[in-house]
Amino acid sequence: MSLDDVRAIERIDRHDTRAILADFPLQCRRGRALPAAAPPSGERPRLIVIAGMGGSASGGDMVAACAGDTLDVPILVHRGYGLPAAAGPDSLVVAISYSGGTVEVVSAAEAALARQVPLVAITAGGALGALAQARGLPRVTLPSGLMPRMALGYLVFPLLSVLAASRAPVATEAEMNEALGVLATLAGELAPGVPTDKNPAKRLAIAIGDRLPAVYGGPLTATAAYRWKTDFEENAKILAVAGALPEMNHNEIEAWGGPAARERYVVLLREESDPPEIARRFALVREMLAPTAGGVTEMWTRGDGRLARILSLAYASLWVSFYLAVLHAVDPWPVPMLEEVKRRLSP
Ligand code: F6R
């Protein structure tokens, strides 16, 4: 099918995911405007633990990646039940679950309460919302009605506000403004109304076709690579792999020598500001994989600040996986397998 056939897209995208994606810059603006929350003590934490799963954890990954260069407080993104032993009364736990119904995150919040670790909840409701209400926790209340992975703006920006209010700021006002501007520009470039010859997200989805995407990032963009993988899996319902340079040069590169590489498509998440040693490795990987892989495309970050750069790639990922879903005649919105797991594990 043609990705320029708007009627055909409408027929497959029955839940109007495209409207949610088109509104993503606005969602980020709204997320930024939500009132912040912080523990009442006002103490600066010595460790920040962001407890989340799936799409909600992804917001934590991005904030942690932005903080890497500037914040002198370590951020640990915790995906699982309970809390790591390092989380104590001088830490901050941010329990983040868009739906509020994720049992692992509720378990982390309960562990924080039991250990008297300062705790903030970011959620639209569910069990986490009820716990926050019952225990009078500081909380950011999110608007409901979205799929968690499509609520990234409601996860990243309130998390930034919570950390700023906890004296651990990660992004400046100027960096947030820049990110919003970059996303607004991208929205105009990647939307379904922009024809394939001018729309890099459509072109990449077509190039990938039936191949397995392998997405590789560098020091900052490895976080986005993982997000690309999960977007391909949840939106297009296809398996994908994610890796990071330089690490993949020491193991995964060996998987690209044989004929099976033809069935895979390489996406390299690049930065103009890649340090020379990383740029050299990207160039070499491209040179070595191009003859064996089913194809190679480089996607570049936009903007100067880390927040704009990482969100620009996350937004592109939402659109590329959306178009790939449409090409495979798959509605990008529902996640029936994931929901069945949750249903079958619920008490
Ligand atoms: C579904 C999605 C999932 C969820 C995950 C945790 O759209 O993105 O990865 O994020 O199952 O659920 P929440 O985010 O509600 O805690």
* Asked: What's the center-to-center distance, using Cα atoms, between region 146-186 and region 39-106 in Å?
  -> 15
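Quick one: plug the Kirkwood hydrodynamic radius of region 34-171 (C-alpha pairs) into Stokes-Einstein at 37 °C, 0.692 mPa s, and report D in µm²/s. Let's see the in-between values first.
Values: Rh = 14.2 Å.
Answer from the Stokes-Einstein relation: 232 µm²/s.
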* Just the number, please: carbon plus sulfur as a percent of the accessible area of region 34-171, 1.4 Å probe, no ligands or DNA/RNA counted. => 54
* To do: Using only Cα atoms, tell me the angle between helix 54-67 and the longest principal axis of the chain; keep it within 0 to 90° and round to the nearest 10.
  => 90
* Spin-label model distance (nm) - Leu284 vs Ala114, 7 Å beyond Cα toward Cβ -> 4.8
* **Most mobile listed residue (Ala316, Ala191, Ala225) in the chain, GNM with C-alpha springs under 10 Å** => Ala191
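With a 1.4 Å probe and all protein chains left in place, how much of the accessible area of region 192-327 comes from carbon and sulfur atoms, in whole percent?
Solvent-exposed carbon and sulfur of region 192-327 make up 55 percent of the total.
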* Which whole-Hz ³J(HN,Hα) couplings does region 131-138 yield from phi under the Karplus relation 6.51 cos²θ - 1.76 cosθ + 1.60, θ = phi - 60°, glycine and proline marked x? -> 5, 4, 5, 5, 9, x, 7, x
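Please sort by residue number the GluC sites (Glu not before Pro) in region 182-275 whose DSSP state is loop and whose Cβ has at most 11 other Cβ atoms within 10 Å.
Glu272
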* **Cα long-axis angle, helix 222-231 against the chain (0 to 90 degrees, to the nearest 10)** => 80
* Averaged per residue, what accessible surface does the chain expose to a 1.4 Å probe, in Å²? -> 42
* Longest to shortest principal axis, alpha-carbon extents of region 192-327, angstrom -> 40, 39, 26
* For the chain, find the longest principal axis of its Cα atoms and tell me its angle to the long axis of helix 306-327, 0 to 90°, nearest 10. => 60
* Reference-scaled alpha-carbon Rg (2.2 N^0.38 Å with N residues) for the chain -> 0.98
* Computed FRET value (nearest 0.05) for Arg344 with Asp197, which takes r as the C-beta separation and R₀ as 41 Å -> 0.35
* Asked: When we measure straight from the Cα of Lys342, which aspartates and glutamates land under 12 angstrom away, once same-chain ones fewer than 8 places off are left out?
  -> Glu104
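Starting from region 121-230, pick out the trypsin sites (Lys or Arg not before Pro) whose DSSP state is loop and whose Cβ has at most 14 other Cβ atoms within 10 Å. Could you put the intermediate results ahead of the total?
On the way: sites: Arg135, Arg139, Arg149, Arg167, Lys198, Lys202, Arg203, Arg211, Arg227, Lys229; in loops: Arg167, Arg211.
Loop-located and lightly packed - Arg167.
The values are calculated or read from the model by the stated rules, or taken from the named source; none is laboratory data. Quick caveat, the model's predicted, so the values are computed rather than measured. FYI the Cβ positions are ideal-geometry reconstructions off the backbone, even for glycines, and counts take in every protein chain you see. Accessible surface areas use protein heavy atoms only, side chains included; no ligands, DNA or RNA. Shrake-Rupley method; radii C 1.70, N 1.55, O 1.52, S 1.80 Å.
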